[in-house]
Structures are given as C-alpha cells and as structure tokens.
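Please treat every number below as a calculation from the coordinates, not as lab data. As the structure is a prediction and not an experimental result, all values here were calculated from the model. Virtual Cβ from ideal backbone geometry, glycine too; neighbours counted across all protein chains shown.
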Amino acid sequence: MSAFLSIDNASRLFGPKLSTGEKIAAKLGAKVETRSVRAVSAVTLSVRKGETLGLVGESGCGKSTLGHLIAGILPPTSGTVTIDGAPVMVGSKKVTTRVQTVFQDPFASLDPRMKVGETVAEGPIAHGLTTRAHSKTYVSEWFERVGLDPVWTDRYPHQFSGGQRQRIAIARALAMQPDVLICDEPVASLDVSIQAQIINLFLTLTKKLDLTCVFISHDLSVVQHVSDRVAVMYLGRIVELGPVAQVFGRPAHPYTAALFGSVPKLVLDADELVHFDTIEGEVPSPLSPPSGCYYHPRCPLASPQCSNAAPPTKAVSDVRYVACYHSDAQLRLGPQS
Amino acid sequence: MTDPVLSVQNLKTHFFTRAGVIKAVDDVSFDLARGEIMGLVGESGSGKTVTGFSLLGLVDPPGRIVEGSVKLNGTELTTLSGAALRSRRGREISMIFQDPIATLNPLLTIGQQMHMAISAHDRLGKAAANARCAELLTQVGIPSAKARLRAYPHEFSGGMRQRVAIAIALLHRPAVLVADEPTTALDVSIQAQILLQMRELAAETGTAMIWISHDLAVVSSLATKLAVMYAGKIVEQGPTATLLRDPRHPYTAGLIASLPAMAKPGTPLTQIRGTTPSLLSLPVGCPFAPRCDRQTETCLEKPPLTMEGARGWRCFHPVGHSAGALA
C-alpha cells in the first residue's frame, strides 16, 4: 500500500508543568502530581492518497489529539508524521501548509470581529497562494465551491447560521489548497437536517479535489457513511483498523463490537422497542490506565493474559488489524445485528 | 383508556421581545398516560425545551404562557400561584437537564443536595433520608451508593453526575419527569446504560416521561410515542413505530431520510434544503412550506391538525403510505 499520509509510532504525553518548588517538594517526598496522560500511545497509521480514514472512539480516547498531531497543531512527544515523505513538523514548528483542519464548533472557530472573506483570505495571502489584490476573486471562487453566495464575503460570522459557518470554515481550510484535510467532528454541533447538507458537501469536495482525509467523529453512522477505512481508538491506542464495511459488519475487537452495539439505531420495522447492548462500567482514568489491555476490565472475553501484557497489533487479513488476544473468538460471534 | 396523568391542551408560550413576539410554543397538545414515555423531537429552536419549561412553570419574562392548559392528575397548573406550583414541582413533576455539571452545586456533597430536595416536600429523619437517597442512587446505577453520598460533584464522571441528577429528580416518585436531552453530552456507551435504566424505571415506578431530544434514534429506542416539533408546533405525533415507518409530514420524512444510516455509504444523503426559519419572521401559513417539495398555494394557509386514530399531523399534502421515508 502506498502511503501518502504516514503516522509512524506517534505518541503524545500531557504532563503537569512542575515549578522548581514543586520539583524540590516531589524530591523530598511531598505529594505532587507528576503522572502524565498518554493521550496518544504509539500510533502507526498510513492513509492512501484520496482516501478518507474515519477515527472513532469515546471522549477522552485521544482521537482529537491524534488529529492535532497530524495537522501539526501539537508536536508529538515521540514519533513522526509525514505527508508524501515530508515531515509535517520540525521540532515544535509546523513546516507545511499541506494539511488543514475543520473544527467542531463553527461558532468558536471563526473570529467574530473579522469579515468572513478576510478570514478565508488571511492564510492564502500570507502563504502567497493569492495576492491581496486578487484575494477577492480567489475567496469568491471558494465561497461558490462550498455553496455560499460570494456577496456574503463582507459579512461577519454572527450573520450566519451554524451550517453556513461550517461551510465558511471548510472554505477557509480548502483555500489553503491542502492535500490532507482533518475534520474534527465537523457535523457534531449541527442540526440533523443541516448535517446531511454538510456531509454531502464533504463527499463532493473530497472527490473533486482528490483530498486525503482524516474524519474524526463519535457518531458511528456518519463515519460509516463518509470513510473508506476506520480506526477505533480506546484510551490512546488504536484497537482496530480496517475497511469500514468489514469493521462495522463484523468487528474483531470486543470494544468495537460493544461500541457499535450500544449505539441506538433507528429501526423502522420494529413494533417493539429495539434492544441494544450496553458496555459495563466506564472508561478508566487515563492518568492510571489498567495494566495490559486497557479494555480488559470491561471486556466480556478477558482472560488472565489480557491483564498481564498489552496485546500486540496483528493482521486479521491483509487489510484488517486488531490489538486483541481474543479477536478470533470475537469474529466467531458473527456480524453485528 | 384511563385518565392521562398529564394533559396539555393548546399550550401557547410566547416571548415578548423588543424585536417582536416569538411564538416559541404555538398550540401544542398531547396526553401522557402513567408509565408512558413520549419522545419530543425537533431541531434547535423548534420549541421543545420551552415546552418542557412551560409544563413546570419555569418560563421567565419576557416569556409567558399566553393560552392553553396543563393538567397534572386533574389539577390545572397554569393558573396556580407560585407557592402552590412550588409544592408540586419536584414532588409531582420534575425535570432533568442537558448539562449535569451546571445542574449540581459544586460546593455541596451529593448527600446534602439530595437532603435539600427531600426536605423541600417531606419531613424525614436523617437516617431515613439517607436510606431513601441511597436507594435512589442504587436504582439509577451508582455503585456503593451509601459511601458516595459524602462525595462532591467533581468526584463523579459526567455519566455518574447525570445519574445523580436523575436520582434527585426521582426522589419524590413524581408522576411526570421531563428530561431535556439528558444524554446528549454523554458518550454512547454511557448513554446506552442510562436509556436502558430509564426504560426500566418508567415501567417499575409508573413515572411518565417526556424525553426531549434532537436525536431520532435515541428517542425511538426509548419512547412508545413521538411528537415532532417544527417552529413551535407539533407537526406530527403518533406511536413511535408507525410514525417512523410511515411518516405523514414531509418534515418527519425528510428528517428520517437524511440520516446517514438510511443511505448507502458514500452516496449523497437526502437533504432538506434551506435552514430552519427564524421564529421572528415565520413564513405565512405552513412554516415548513419554503423547504418542502410538496408545497402548493394551499400551504399559504395554516394547515389544521388531521387526526387518524392515535396519530395526527399538520399538513395539506401528507406523505402517502411507506413513500418518502425509505426512498
């Protein structure tokens, strides 16, 4: 597989910044919080040119942090991210404009005091993709491509609805002519009828511009709809990776199975209330994750082996990977209802 | 049929702002039987939360209930005095909110807050009160409930905090519980646990629930009947299964069809064009008409409520049998 976007063994830790006093206090045996959170833990992924990779998991699983690492918003503590062989970051400095992000909340991601046209033009002017003199036409073109009326470039964000703002945010990201687009929950804050419009726009534009995408969402049905492959994260680790239809149809990791099982589904031909499965317990604190496989305390298939050592990632087929000792047993359980 | 515990008739809640009158709830009617769960679905600004607030008399100026009746066990709530309403609120009808962090007082322990809720309506000894609190916490799925009474809200996870809020709302075994998107801020695995427990609680205790949500899938897995709101009006209501399988209002049909689960992966989704209208400048006649494929000149009139058995809709050109939803 020719990788266009590669994430190689990337980890990201968030630790407390200790003052000198606290360091001394810790040395003397005082109780100072020195543990750090491993938000992303040794993640290796590769995405082909033009492919959309879905990234799913519950809050706190590290999916947004991984998105930030790929987008060059945060430097990895260790490991590298490269696009077409070139690194995204050198040290803690982003050195490419080839990756851009669309964020979740279009109310927070647009400057309320800048005209939306200026917001979209700012990056392309700074990086020489257009000149100040030509920026008006340049921005108008992008407005049209995302389905906005170009006469609106002189308006302010508060004059737009949520769906329109998300279109502006998409225009801002795409006006930088990126090769890779990170979408961090781009439809989570939108109403259902508007969600469909933005998803359709996303599908059209990624195809037309041959964009490589990482689509982060907690909404499994949205990810299923837009992605080619999907990666499932749990407490900073990728537990399963594979083509969407296969992973969703027949999960190899018990967590994937449980996550899909607990999503309320709209069943049109049921006369009784639909049954859905629940996962016992809650996600453990990432400050003190369990030993071995992070999922073993909640896992119905757990054995003593699972608490001793983290399961290595193994290939189930030439396109599917899973980090679980009992994936064969899980696969035998058959397709999800 | 037995008498409903809650009967809402022609409820109108309007907000009188400088920019004009906002008809947030405009002629809403429904009945709720003992132990029944009704899903109230709609997009932001459709008036579903204000409907919930109106039932408990929680609407603040510039808003007020201008017309209609809310009968709880036969008592008219809209004309009650503040004190009389307070004596029922929390005891006979209670509410849980979307954000469990904002609901609980960060400076008091869970036990203190639950005791306050008990003493608002009952005189109970400390031991008896503690026992009742622990019982409720256990019922909503909080482990080692007795010990947790001494904990502060920040010591609980989001899901656990919402369970505490639910336990407080159920302390007095209310006849009606209004739940305003209580699982929206939670993860799917926690949401599934809570939905299942609420289903059991309603069956066990006979508490009737109004579950407000924007998520059709969530309410369909919980509620036996649904009401779909658009621009302050219930545009369609009926038993969950029939309404979803065979929607009559083009808006309901559009909402169902626009869900990603209804389309083949990678294909364009069916979308409802345009955006929700501002409540300050609603279109004449049917509020959905400008976004609707079936609109004609008739739609410039306000569509009346058409009833057919247990279901009803407000549309001149209802979607036919099984058409539209599965297209």
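Some notes on this structure:
- Region B:30-74 shape via C-alpha gyration tensor axes, a/c threshold 1.5: oblate
- Region B:251-313: C-alpha gyration tensor shape, a/c 1.5 cut-off, then a/b vs b/c: oblate
- Diagonalising the gyration tensor over the Cα atoms of chain A and scaling each eigenvalue by 5 before taking the square root yields semi-axes of 36, 27, 19 Å, largest first.
- In the elastic network of chain B, a GNM with C-alpha springs shorter than 10 Å, the most mobile of B:46, B:213, B:221 is B:221.
- Relative to the current alpha-carbon distance between residue A:24 and residue A:333, full extension at 0.36 nm per residue lengthens the span by 105.8 nm.
- Sites residue A:151 and residue B:280, calculated FRET efficiency, Cβ-Cβ separation with R0 30 Å, nearest 0.05: 0.85
- Rounded to the nearest 20 debye, dipole of the protein assembly as shown from Cβ charges on Lys, Arg, Asp, Glu: 1380 debye
- Sequence of B:26, A:228, A:328 once ranked by neighbouring C-beta atoms within 10 Å, starting from the fewest: A:328, A:228, B:26
- Based on every Cα atom in region B:107-150, Rg and the maximum pairwise Cα distance Dmax equal 9.9, 27 Å.
- Distance (nanometres) between label positions extended 7 Å along Cα→Cβ at residue B:310 and residue A:34: 6.4 nm
- Summed over qualifying helices (DSSP H, 4 residues or more, each -39500 (n - 2.57)) and divided by its residue number, chain B shows a 222 nm mean residue ellipticity of -8500 deg cm²/dmol.
- Gaussian network model of chain A, springs between alpha carbon atoms under 10 Å - residue of A:47, A:192, A:247 with greatest fluctuation: A:192
- Rough spin-label spacing in nm, given labels placed 7 Å along Cα→Cβ, for residue A:307 and residue B:293: 5.7 nm
- For region B:180-192, backbone phi angles converted through the Karplus equation (6.51, -1.76, 1.60; θ = phi - 60°) give residue-by-residue couplings of 9, 6, x, 10, 5, 8, 9, 6, 4, 5, 6, 4, 4 Hz, Gly and Pro being listed as x.
- Distance distribution P(r), the protein assembly as shown, all Cα-Cα pairs, bin width 10 angstrom from 0: 3, 14, 23, 25, 21, 12, 3, 0, 0 percent.
- Chain A: calculated mean residue ellipticity at 222 nm from DSSP helix runs of at least 4, using -39500 (n - 2.57): -8500 deg cm²/dmol
- Annotation for residue A:246 and residue B:205: the two label points, set 7 Å from Cα along the Cα-Cβ direction, are 4.8 nm apart.
- Between the beta carbons of residue B:21 and residue A:144, assuming R0 = 35 Å, the FRET efficiency works out to 0.40 to the nearest 0.05.
- Taking the number of Cβ atoms within 10 Å of each Cβ as an exposure proxy, the fewest-first ranking of A:107, B:30, A:248 is A:107, B:30, A:248.
- Each of A:68, B:121, B:249 was scored by other Cβ atoms within 10 Å of its Cβ. Arranged with the fewest first, they read B:121, A:68, B:249.
- In summary, the helical segments of chain A meeting the span-like criteria, namely a full DSSP H run, a Cα extent along the axis of 20 angstrom or more and a mean Kyte-Doolittle hydropathy of at least 0.5, are A:192-209.
- Note on residue B:122 and residue B:83: the extension gain reaches 12.5 nm, defined as 0.36 nm multiplied by sequence separation minus the Cα-Cα distance.
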